Amino acid sequence: MAWTVITQPNCPSCKGVKEYLDLHEVLYDEFDVTEYKNQWIRYLLKQAGYTTVPQVWTHEGQYLGGYEGVQKHDL
């Protein structure tokens, strides 16, 4: 199963979290909030009060937050 990573282009933290997950061989599905097909994700993030990216969830649905949250998680 894959983690969920919500990103946008030109985001250093998004790049960092993806490199970190790649380094630890964690599979993830990436959703870019600027792509038209992913606009529903932007809506959900807004409704949940999340205003920044990246936003990361484990394959079990545990919310980790952003780059710092992922680094604190025991991989």
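The values are calculated or read from the model by the stated rules, or taken from the named source; none is laboratory data. From a predicted model like this one, the values you see are computed outputs, not experimental measurements. As a convention, Cβ positions derive from the backbone with ideal geometry for all residues, glycine included, and neighbour counts pool all protein chains shown. Note: accessible area is taken over every heavy atom of the protein model, side chains too, but ligands, DNA and RNA are not part of it. Shrake-Rupley method; radii C 1.70, N 1.55, O 1.52, S 1.80 Å.
Largest accessible area first, the listed residues Tyr43, Tyr36, Tyr20 line up as Tyr36, Tyr43, Tyr20 when surface is computed with a 1.4 Å probe on the assembled protein chains. Close amide H contacts of Phe31 (hydrogens built in the peptide plane, cut-off under 5 Å, sequence separation of 5 or more or a different chain): Val5, Ile6, Thr7. Near His24: Cβ cut-off under 14 Å, other residues only, Lys/Arg at +1 and Asp/Glu at -1. The net charge is -2.
Beta bridges assigned by DSSP with both partners in the chain are antiparallel in approximately 50 percent of cases. Over all other residues within a Cβ to Cβ distance under 15 Å of Gly69, the charged ones net out to -1, with Lys and Arg as +1 and Asp and Glu as -1. Across the range 33-53, the residues whose backbone nitrogen lies under 20 Å from the label position 7 Å along the beta-carbon direction of Ala2 are 33-45, 53. The angle between the Cα long axis of helix 12-23 and the longest principal axis of the Cα atoms of the chain comes to about 40 degrees, rounded to the nearest 10. Helix 39-48 and the longest principal axis of the C-alpha atoms of the chain enclose an angle of approximately 80°.
When the Cα atoms of the chain are aligned to their principal axes, the ranges along those axes come out at 30, 24, 21 Å in descending order.
Of the residues Gly65, Gly49, Gly16, the one that moves most in a GNM of the chain with alpha-carbon contacts below 10 Å is Gly49.
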